[in-house]
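The numbers here are math on the coordinates, done by the rules we state, and not lab data. Keep in mind it's a predicted model, so treat the numbers as computed, not measured. As a convention, Cβ positions derive from the backbone with ideal geometry for all residues, glycine included, and neighbour counts pool all protein chains shown.
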Amino acid sequence: MSPSAPAIILSTLNARYIHASLGLRYLLANLDRYGGAGLRSASRLREFTINRPPAEIADALLGELGEASAGQVQIVGFGVYIWNVGPTTEVVRLLKARRPQLKIVLGGPEVSHEWEAQEIARLADHLITGWGDVSFPKLCRALLHGPQPLMKVIAGEQPGLDEIALPYAEYSADDLAHRLLYVEASRGCPFKCEFCLSALDKTAWAFPEALFLAALDDLYRRGARNFKFVDRTFNLKIDSSLRILQFFLDRLTPNLFLHFEVIPDHLPERLKAMIARFPPGVLQFEIGIQTFNPEVQQRISRRQDNLKTGENLDWLATHSPAHLHADLIFGLPGETLASFAESFDRLHAHRPHEIQLGVLKRLRGTPIARHSAAFGMLYSAEPPYTVRQTDAVDAPTVERFIRLARYWDLYANAGRFPQTLPHLLAGASPFAAFLAFSDWLWQTTGQTSGLTPERLVDRLFDYLTDVQGQDPEAIRLLLLADYLASGARANPACLQGHLKNRDKPQPRNARALAQRQERHASSG
């Protein structure tokens with residue numbers, strides 16, 4: 001093996017380039033601490049995307065490793081997740097076929113539970129379930145220097161968070177300039193929502209706050225301005241939340257962007273006061289509602305004060321500068337289309353900027369599986385293990401909802417129709433109104449993808465005027481205002497003759513998230 005070739009490559013297949021693996025950077029940061037001096041310098045990080053052909057990924061990794069000397073051990077560790085297990089399996093298969101002596105180590109949530117029948121686990125040499133911060137470096141030391149490990153499957157050690165080296169120095173200058181930086185002030189979750197792997201946690205643990213804030217300050221000084229907190233419960237401990245928010249208030253810049261996942265029914269006055277001090281465009285809150293149905297909430301062990309949640313959503317929408325993403329899940333055990341519609345309509349009335357519509361997935365190891373027999377839950381055998389039908393919603397209804405969710409993202413969440421959308425959703429039930437439009441759109445286009453902005457405009461015009469009988473000229477003016485504000489540059493058929501003498505296109509803003517927020521903000 002060449003002296004410059006790595007002994008260890010840490011790799012994963014991200015969903016998109018903008019994502020940067022936090023888990024692999026934890027492993028890198030802790031290699032010397034738990035594997036021995038020099039292990040980090042003998043290692044490299046190589047990230048790919050799921051869109052790259054597995055053969056190209058295998059070629060790139062083998063090219064990086066170079067020609068192995070006789071008896072020389074080299075290791076490739078893969079982070080395996082629900083979105084990448086398929087192509088990662090093919091990469092591992094190719095690597096083992098071309099270089100059988102290469103040691104393949106797997107870790108990540110997708111292989112931490114129910115791994116026995118997984119093809120990728122069969123192909124690999126070792127598998128670490130759960131936390132890998134300590135166990136992966138120890139395994140690498142054993143593979144490289146002995147004694148050789150006796151077990152294929154290793155239960156990850158869970159140290160105190162004060163014993164783990166923080167990973168943020170492993171973000172490169174290129175990461176800081178072009179990618180979303182994942183950070184975490186805590187791990188774990190005290191709640192037991194059965195669709196989530198965090199239901200297996202006993203509680204939430206906080207990293208030492210002074211060390212964490214110092215690491216954030218270092219990232220900030222290096223130029224980082226785009227932070228996504230992966231904490232399941234950012235506002236669980238209010239004192240800590242306030243100090244982190246104050247940290248960023250002291251460092252406000254026009255391009256600062258912060259994403260937090262917040263508990264919807266826990267927003268005391270002092271936290272509200274801090275949130276209100278931020279300017280628009282900085283804060284984005286992901287708010288997991290999932291369902292307002294009390295019976296379903298109890299069935300899946302979800303504790304949520306629905307009244308307090310509604311009050312907090314109203315306050316955030318009215319008095320805060322935060323961009324609000326609220327989540328609902330379709331297909332929960334016992335949830336009908338009608339009861340889901342009630343949750344949607346209730347949430348819509350609280351005016352979050354975006355309603356993220358998901359379909360239940362049976363993640364490996366989650367307790368939601370205990371309801372499968374009693375509620376007729378059938379799931380896809382392939383990732384992402386989406387529910388296909390239940391005793392409350394049949395398979396055609398699930399497919400119908402999946403189409404609706406796609407159209408909702410195009411028409412509502414994208415923020416391109418703030419003037420026109422209220423005319424589509426008017427009536428007793430916004431969900432029923434959009435479902436009818438979704439059914440019509442599918443019948444007339446047969447597409448849920450490849451719909452250009454211009455075609456979206458024309459189809460909405462046709463529906464509102466031809467199907468609903470609304471005044472064509474009034475709808476045309478609304479769509480014209482929306483289309484001009486969206487920045488699109490073509491010429492929808494229904495707007496012919498109305499798009500003359502426009503300004504030249506403005507340069508595209510690389511911050512797509514900010515653009516989407518700006519469209520919602522302008523509608524407010």
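Show log10 I(q)/I(0) for the stretch 5-111 at q = 0.11 Å⁻¹, two decimals, from a solvent-free Debye sum over equal Cα scatterers. Log-scaled intensity ratios, in q order: -0.32. Estimated purely from DSSP H runs of n ≥ 4, each contributing -39500 (n - 2.57), the mean residue ellipticity at 222 nm for the chain is -11000 deg cm²/dmol once divided by its residues. The modelled label-to-label distance between Arg221 and Arg33, using points 7 Å beyond Cα along the C-beta direction, is 2.0 nm. On a C-alpha basis, how far is the centre of the stretch 77-144 from the centre of the stretch 270-317 in Å? Whole number, if you could? Comparing the Cα centres of the stretch 77-144 and the stretch 270-317, I get a distance of 37 Å.
Summarising the overall dimensions of the stretch 171-367 from its C-alpha atoms, the Rg and Dmax are 17.3, 51 angstrom.
Take peptides 379-388, 146-155 and line them up by average Cβ neighbours within 10 Å, highest first, as a rough protection proxy.
On the way: 379-388: 15.3, 146-155: 11.0.
For the peptides 379-388, 146-155, the packing ranking is 379-388, 146-155.
Extension gain, Ala373-Asp409: 0.36 nm per intervening residue step, less the Cα-Cα distance, totals 9.7 nm. Rounded to the nearest 0.05, the FRET efficiency derived from the C-beta distance between Arg44 and Glu473 at R0 = 51 Å is 0.25.
What FRET efficiency, computed as 1/(1 + (r/R0)^6) with R0 = 41 Å and r the Cβ-Cβ distance, is obtained for Ala15 and Thr445, rounded to the nearest 0.05? Display every interim value, and only then the final one.
Working: r = 26 Å, r/R0 = 0.65.
It comes out at approximately 0.95.
For Rg and Dmax of the Cα atoms in Å, one of [x] 23.3, 68; [y] 25.4, 92; [z] 24.9, 79 was computed from the structure I shared and the rest are decoys. Which label? The listed entry that was calculated here is [z].
A protection proxy built from the mean count of other Cβ atoms within 10 Å ranks the segments 444-455, 405-416, most packed first, as 405-416, 444-455.
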